[in-house]
Amino acid sequence: MSLDPISRFSDHSSDYQKYRPGYPDAIITYLEQNIGLNLKKNIADIGSGTGIFTELFLRKGYPVTAVEPNNEMRLQAEEHLGYFRHFKSIGTRAEATLIPSGTIDLITVAQAFHWFDTQQVRSEFLRIAKPGAYVLLVWNILQHKTPFLKAYQQFKEGFSVSKPYRDKADKEQVEHFFNGAEIIVQEIYHSRLLDFNELLGYFRSSSYAPLPGDPEYTSAESNLRSIFDRFEKNGKVKLEYDAKMFLGKI
């Protein structure tokens, strides 16, 4: 597994596109009702990966410029979203987006901000933002409240304990980025049901997960199968998330 934050997901990009959770439409409704987001606003989705969060806005008719440095993940997004007329894809880092200065009304970062250089990306976001622009940072946080989710979390930690595992909001980093500005924090619950193959693909989408051919993969699949069989109902298990949002101006 690569430790480089750009290339570490390269071998996982297909599973990431297929099996990572989406985001609730309620996020867009919240933005429309609270900051006046409308179809005339320009959105930049930074660290856009395979385009999961980008697609949420494109399907509502919003113009989105997606910035992603990982070639494999970006190609997944371009193949999946290329038919949207208002979709633009740029292959570059968050700290140097190549977006023209002063052109963006809303900058979004979903499940990626923890990989950025906070000070450099703040300077870049200030450069591309229009006056009064907002920044939205989002993480899908998997809950650990049910017996299944607790067992799945314990299973995951067995693989991530010795590897750089970063997949959640860092309050200190977020506050440092906004530099004293007011931050609105909201959580929106959503869930989905997965069969075993989908659950296995979801696990494989993590950068620390072993892949077919790795020494740990067979035992990982077997252990995950045991967890699934303990908790499945009608061939499915339920994954529950809080989409945690940090919204503010910079």
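The values are calculated or read from the model by the stated rules, or taken from the named source; none is laboratory data. As the structure is a prediction and not an experimental result, all values here were calculated from the model. All Cβ positions, glycine included, derive from the backbone under ideal geometry; neighbour counts span all protein chains shown.
Residue count for the stretch 199-250 satisfying the condition of being assigned to a loop (DSSP other than H, G, I, E, B) and either touching a residue at least 12 places away in the same chain (Cβ under 8 Å) or buried (at least 20 other Cβ atoms within 10 Å of the Cβ) (or both): 11.
Which of the residues belonging to the stretch 70-88 are surrounded by fewer than 19 Cβ atoms within 10 Å (Cβ to Cβ) and under 17 Å from the mean Cα position of the chain (by Cα)? It would help to see each step written out before you state the result.
Taking the stretch 70-88 as the starting set, the residues that turn out to be surrounded by fewer than 19 Cβ atoms within 10 Å (Cβ to Cβ) are 71-72, 75, 78-80, 82-86, 88.
Matches in the stretch 70-88: Asn71, Glu72, Leu75, Glu78, His80.
Checked against the criteria, Glu157 counts as in a helix (DSSP H, G or I) and modelled with pLDDT under 95.
With respect to Tyr23, determine if the residue is assigned to a loop (DSSP other than H, G, I, E, B) and either at pLDDT 85 or above or under 18 Å from the mean Cα position of the chain (by Cα) (or both). Yes; evaluated as a whole, the condition is true for this residue.
Just one of Glu198, Glu221, Glu232 is under 20 Å from the mean Cα position of the chain (by Cα) and more than 27 Å from Leu136 (Cβ to Cβ); which is it? Talk me through it step by step, then tell me what you get.
On the way: Glu221 fails: under 20 Å from the mean Cα position of the chain (by Cα); Glu232 fails: under 20 Å from the mean Cα position of the chain (by Cα).
Just one listed residue meets the conditions, Glu198.
For the stretch 105-148: of the residues being buried (at least 17 other Cβ atoms within 10 Å of the Cβ) and small (Gly, Ala, Ser), which is nearest to Gln173 (Cα to Cα)? If we take residues in the stretch 105-148 being buried (at least 17 other Cβ atoms within 10 Å of the Cβ) and small (Gly, Ala, Ser), then Ala112 is nearest to Gln173 (Cα to Cα).
Taking the conditions exactly as written (under 30 Å from Tyr217 (Cα atoms) and either of a type in the set (S, T, N, Q) or in a loop (DSSP other than H, G, I, E, B) (or both)), does His114 satisfy them or not? Taking the combined requirement at face value, the residue does not satisfy it.
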